[in-house]
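Each reported figure results from applying straightforward, stated rules to the coordinates on display, with no laboratory input. Predicted, not measured: the structure shown is a model, and the values here were computed from it. Quick reminder, even Gly has a Cβ in these numbers, built from the backbone with ideal geometry, and neighbours come from all protein chains shown.
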Amino acid sequence: MDSNYSTRADRLVEAMAERDVECVLITSPIGVEYLTGFTGSNGACLVGPDSRSFLTDFRYEERVADGMPGWEVEIVRGDWVESLSSRLPGRTGIEDGHLTVRSAARLESAAGGGVELVAAGDLLEGLRRSKDASEIAAVAKAAELSDRILGEVFESGLIGRTEAEVAGQIVSRMREEGAEPSFLPIVAAGPNGADPHAEPGARRIEPEELVVIDMGSRLNGYCSDCTRTVATGELDDEAMKVYEVVLEANEAALAAVRSGAGCAAVDLVAREIIEAAGWGDRFGHGVGHGVGLEIHEDPRIGPRSTETLVEGDVVTIEPGVYLPGRLGVRIEDLVVVGSEGIEANLSSHPKTLTVTQ
């Protein structure tokens, strides 16, 4: 087991002390993977000051047969609720964003009294925000793969192909490289680009229009996310102006990223530029979000965010303008937050307007 896993459990114990809980029950697959590296569909961790218990079912018996260093492993052959409840101390933190009310009630009932389950999902979420060096390296590899595939897509050409065909090429190439898409790629041409979450369809990409391509890889557990908007020929003045404004907003927000910066303040930097150009009502989403084991993690960088960036955050900066019936532009970079600014921009594909056939 990588030494980072035991360190993560130790950090969780330190956070528990501030919440006055005797242990924390981790049941989400992402939480279990973060703490142990286990990627099966069924597992749970109980973490206390002097204990590390990992439970899974018989399907994974061979996978954990050699043990998991630092963890007491139990193969549950009967009732999961009974196995877990028998181990719970008096005051147990739970992932309240994952464990259902019904499941929590069953656990408390099976424990026979004396057990109090308290919301503590934010403890692990907080730890997951600031990425260690191994996590940043994993995200960087996923981002490098995505950028390389994006370059291949442009070399293959876009005009005459359907959005779905281009998306299919992206997914196929990722799988050939041992990765999976971290989300279904968005390939949105012409007026379809005005839908921020457009699904690739049968529309054929035409000359002299904008194409939004939003894609990410999940490689070795970690995700990447990047968007580039390209042209398939000469654009009219409006399209060029939108692109220039979004690029200016992207670069200004990137310059505002640093540990200690308010997420709402970073969002506002980009939003004011778009508003000044007259398209403030056509930028309806936040400027970014965290990325890691999941494609959308804390922090959320938006106008209503109360969070502050911290060193080690890996976040997107992705302003956009969407003009219904006409076009859309989004430009997204994936960056590592440092103490004085951006420690690294993991998105290497150029942002000067690319013209491709």
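Tabulated results
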{"read-out": "Length released on extending from Glu180 to Ile159, taking residue separation times 0.36 nm less the Cα-Cα span", "value": "5.0 nm"}
{"read-out": "C-alpha long axis of helix 3-19 to longest principal axis of the chain, angle in °", "value": "80 degrees"}
{"read-out": "Relative exposure of Asp333, Asp195, judged by other C-beta atoms within 10 Å (fewest first)", "value": "Asp195, Asp333"}
{"read-out": "Ranked packing of 41-48, 147-154, most packed first, by mean Cβ within 10 Å", "value": "41-48, 147-154"}
{"read-out": "Value of D in µm² per second that Stokes-Einstein yields for the stretch 275-341, Kirkwood Rh from Cα pairs, at 4 °C (1.567 mPa s)", "value": "99 µm²/s"}
{"read-out": "Cα-based radius of gyration of the chain once divided by 2.2 N^0.38 Å, which approximates compact folds", "value": "1.11"}
{"read-out": "Rounded, prolate or oblate (a/c below 1.5 giving rounded, otherwise prolate when a/b exceeds b/c) for the stretch 3-128 by Cα gyration tensor", "value": "oblate"}
{"read-out": "Share antiparallel - DSSP beta bridges, the chain, percent rounded to 5", "value": "75 percent"}
{"read-out": "11 Å beta-carbon shell around Ile331, net charge (K/R +1, D/E -1)", "value": "-4"}
{"read-out": "Chain lengthening between Asp96 and Arg258 when straightened (0.36 nm per residue, less Cα-Cα)", "value": "55.3 nm"}
